[in-house]
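Asker: My questions will all concern the structure given below.
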Amino acid sequence: MALLYIESVEYLEVQQMQETHENEIKILNEIDRLATQYSMDKSKLTEVETKIEKYLVHLKTHFSSEEELMHRYNYPNYEMHKLAHDMFIADLEITLKQWHLHNNIDKVIHFIRKSPEWIILHINTMDAPTSAYITQKMKIKQ
Ligand SMILES: [Fe+2]
Ligand SMILES: [Fe+2]
């Protein structure tokens, strides 16, 4: 069983957003799978760490590209959507700091395993209306 399925989040017409979500869900599922292996075999630590670093980079690019799109198309709820991104990143970064401070990856794994609830809600209530708005704007521009 995967941590998160692409079918659980709304399909977005803006292809760039949809592809980003598909790739990010793959990374999250890889982290979950590696974390399970790590719980039985501690030599897997580096692999989990590398994947978490990859997730962080991907997440930041994901959020900034959505923000860039919203900005480009003058999305009226830009501030609210960006604030949601910033708060999620801040929460994740606190957890990452604890990881490096105490050299304990378990809290990060716990954070990631809890995150699907936020992700589904965010995509369905923030990204979906953003995508719908941008799609409309793109049609007008054509
Ligand atoms: Fe998104
Ligand atoms: Fe978003």
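The values are calculated or read from the model by the stated rules, or taken from the named source; none is laboratory data. For clarity, every value in this text was computed on a predicted model and none was experimentally measured. Heads up, the Cβs are rebuilt from the backbone with ideal geometry, glycines too, and the neighbour counts pull from every protein chain shown.
Asker: Could you tell me whether any residue of segment 84-93 is in contact (Cβ under 8 Å) with a residue 12 or more places away in the chain, over 16 Å from the mean Cα position of the chain (by Cα) and more than 24 Å from residue 46 (Cα to Cα)?
Answerer: No, because not a single residue in segment 84-93 is in contact (Cβ under 8 Å) with a residue 12 or more places away in the chain, over 16 Å from the mean Cα position of the chain (by Cα) and more than 24 Å from residue 46 (Cα to Cα).
Asker: Might you let me know whether segment 6-15 holds any residue that is outside any helix (DSSP H, G or I) and either basic (Lys, Arg) or away from ligand 2 (no atom under 14 Å from the Cβ) (or both)?
Answerer: Kept after step one, since they are outside any helix (DSSP H, G or I), are these residues of segment 6-15: 9-14.
Add one more test, that the residue is either basic (Lys, Arg) or away from ligand 2 (no atom under 14 Å from the Cβ) (or both), and what stays is 11, 13.
Scanning segment 6-15 turns up at least one residue that is outside any helix (DSSP H, G or I) and either basic (Lys, Arg) or away from ligand 2 (no atom under 14 Å from the Cβ) (or both).
Asker: Quick check on this structure: which one of 46, 50, 61 is exposed (fewer than 14 other Cβ atoms within 10 Å of the Cβ), β-branched (Val, Ile, Thr) and within 16 Å of ligand 2 (Cβ to nearest atom)?
Answerer: 61
Asker: Quick test for you: out of 124, 103, 77, pick the one residue that is of a type outside the set (Phe, Trp, Tyr), within 12 Å of ligand 2 (Cβ to nearest atom) and either more than 20 Å from residue 19 (Cα to Cα) or touching a Phe, Trp or Tyr at 6+ places or on another chain (Cβ under 6 Å) (or both).
Answerer: Values: 124 fails: either more than 20 Å from residue 19 (Cα to Cα) or touching a Phe, Trp or Tyr at 6+ places or on another chain (Cβ under 6 Å) (or both); 103 fails: within 12 Å of ligand 2 (Cβ to nearest atom).
77 is the lone residue from the list that is of a type outside the set (Phe, Trp, Tyr), within 12 Å of ligand 2 (Cβ to nearest atom) and either more than 20 Å from residue 19 (Cα to Cα) or touching a Phe, Trp or Tyr at 6+ places or on another chain (Cβ under 6 Å) (or both).
Asker: If I ask for residues that are in a helix (DSSP H, G or I) and away from ligand 1 (no atom under 16 Å from the Cβ), which ones from segment 123-142 would you list? Don't jump to the end; show me each part of the working.
Answerer: Filtering segment 123-142 down to residues in a helix (DSSP H, G or I) leaves 123-141.
Those that are in a helix (DSSP H, G or I) and away from ligand 1 (no atom under 16 Å from the Cβ): 136, 137, 138, 139, 140, 141.
Asker: Considering only segment 113-122, I want to know if a residue exists there that is away from ligand 1 (no atom under 16 Å from the Cβ) and surrounded by 12 or more Cβ atoms within 10 Å (Cβ to Cβ).
Answerer: Here is the first cut: in segment 113-122, the residues away from ligand 1 (no atom under 16 Å from the Cβ) are 113-114.
Adding the requirement that they be surrounded by 12 or more Cβ atoms within 10 Å (Cβ to Cβ) leaves 113.
Yes, segment 113-122 contains a residue that is away from ligand 1 (no atom under 16 Å from the Cβ) and surrounded by 12 or more Cβ atoms within 10 Å (Cβ to Cβ).
Asker: From (1) more than 16 Å from ligand 1 (Cβ to nearest atom); (2) at negative phi; (3) modelled with pLDDT of 95 or more, pick out the condition that doesn't hold for residue 74.
Answerer: Among (1) more than 16 Å from ligand 1 (Cβ to nearest atom); (2) at negative phi; (3) modelled with pLDDT of 95 or more, the lone unmet condition for residue 74 is (2).
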